[in-house]
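**Q** I'd like to ask you about the structure that follows.
The values are calculated or read from the model by the stated rules, or taken from the named source; none is laboratory data. All of these numbers come straight from a predicted model, not from anything done at the bench. Note: ideal-geometry Cβ built from the backbone for every residue, glycine included; neighbour counts use all protein chains shown.
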Amino acid sequence: MVRKRGWKSRKNLLNYVPSLAEGVRYSDGVLYSPTARSFFGRLCLKFTKRGSIKRTYLDDVGRFVVERIDGRRDVREIGKELRENFGERVDPVYYTLALFLRQLAARRLITLKYPDERRRNGDSYGTSRRKDKGKQKQSP
């Protein structure tokens, strides 16, 4: 029996942490990304003599958001800063921000990662809660 994913199993987008995708860089309101990611794609670019870098130009709101994408801030924090700086211009803030981030993710310009629960609680990825987990009992 296949369990259907309901609304309870979906993770909230506001908790996701965006970061620039591999090979993408940002400079002066422009996102630069490679056009061909596979071997076949790069080979086709050589024969068609097209550029291997794609440029995505951003407006002032897009610049503001992308400048705050650092791999540490979640979408909720970026939304609060967006509301403080742009006010009613970007209302509703989280809806507008979610649409923009989903468009960037669909174009493979950013990645959205859900933070690990252990990291939220202050633990690092490699540690466990039990200190004696790896120790074996010694007989007297």
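**Q** Could you list all residues from segment 58-95 that are free of Cβ contacts under 8 Å to residues at least 12 places away in the same chain and among the hydroxyl-bearing types (Ser, Thr, Tyr)?
**A** Residue satisfying the conditions is 95 alone.
**Q** Name the single residue, out of those in segment 1-21 being assigned to a loop (DSSP other than H, G, I, E, B) and modelled with pLDDT of 85 or more, that is nearest to residue 113 (Cα to Cα). Steps first, please.
**A** In the first step, residues of segment 1-21 are kept if they are assigned to a loop (DSSP other than H, G, I, E, B); the result is 1-12, 16, 21.
Then keep just the ones that are modelled with pLDDT of 85 or more; that gives 16, 21.
Values: 16: 5, 21: 11 Å.
Going through the qualifying residues, I end up with 16.
**Q** So, one more: So which residues in segment 22-40 are surrounded by 10 or more Cβ atoms within 10 Å (Cβ to Cβ) and modelled with pLDDT of 70 or more, if there are any at all?
**A** Hits for segment 22-40 are 22, 23, 24, 25, 26, 29, 30, 31, 32, 33, 34, 35.
**Q** Restricting attention to segment 54-70, which residues are surrounded by 11 or more Cβ atoms within 10 Å (Cβ to Cβ) and either of a type in the set (A, V, I, L, M, F, W, C) or assigned to a loop (DSSP other than H, G, I, E, B) (or both)?
**A** 58, 61, 64, 65, 66, 68, 69, 70
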